[in-house]
Structures are given as structure tokens and as C-alpha cells.
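Read the structure below first, then the notes.
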Amino acid sequence: MAVVVGARRGSGFSRHRVTETVDSGPAKRVYDLPGDSLRLTSKSIGVTRVFVNGVPTIENGESTGELTGTVLRSGVNTDTVATH
């Protein structure tokens, strides 16, 4: 899936538009979960930098090794909502 963002003027895009595309690369099989279980991963396209808590965690599409966030676990860090 690609998301395209552009500058719109009037009924159409302006002649000097700025357009960015964000997408994912081809899926790759990785066997790095416990028990050598399979998971799918892919590189991002169009995302060059990601910040978590003000610290860069991705630069130029590669991990910086910084782990500044917290994993939120359903039912532990969240309230369960009844669906009835």
C-alpha cells in the first residue's frame, strides 16, 4: 500500500507540487523467533528517520540500536473493554 501526499490548489494539484510516497519493500522470511518460528519482515520505502521519545531509532532506513520505547501488552498496560 502506498500513501501519496501532495499540495493541492484549486481543483487539481499545483504545478510545483511536493509528493512523497511511503510503502514497504518485498516481504522476506526470517526464522528468528523462539523455536526457529517464521515471521515476515520487509524494509520501508520512503521512511528515512523515525524518532521514539525524541531519540532517533531509524536513520537512513537502518536501526540505530536505540530502544527508548515501551512495549504495550494488551490487558497489562491497557484496560480490556467488554464487547457485549
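The values are calculated or read from the model by the stated rules, or taken from the named source; none is laboratory data. A quick note: this is a predicted structure, and the numbers were derived from the prediction, not measured. FYI the Cβ positions are ideal-geometry reconstructions off the backbone, even for glycines, and counts take in every protein chain you see.
Only one of 22, 81, 47 is within 12 Å of the chain's Cα centre (by Cα) and part of a loop (DSSP other than H, G, I, E, B). Can you tell me which?
Values: 22 fails: part of a loop (DSSP other than H, G, I, E, B); 81 fails: within 12 Å of the chain's Cα centre (by Cα).
Only one candidate qualifies: 47.
Residue 76 falls short of the stated requirement of being aliphatic (A, V, I, L, M) and either modelled with pLDDT of 90 or more or touching a Phe, Trp or Tyr at 6+ places or on another chain (Cβ under 9 Å) (or both). Look at segment 41-52: where a residue is closer than 15 Å to residue 65 by Cβ and a partner is of a type in the set (Asp, Glu), sitting 6+ places away or on another chain with Cβ atoms under 7 Å, you get 49/59. State yes or no: is residue 24 modelled with pLDDT of 85 or more and either in contact with a His (Cβ under 8 Å, 6 or more places away or on another chain) or of a type in the set (Gly, Ala, Ser) (or both)? In short, yes. Here the condition is being hydroxyl-bearing (Ser, Thr, Tyr), part of a strand (DSSP E or B) and modelled with pLDDT of 85 or more; of 57, 68, it holds for 57 alone.
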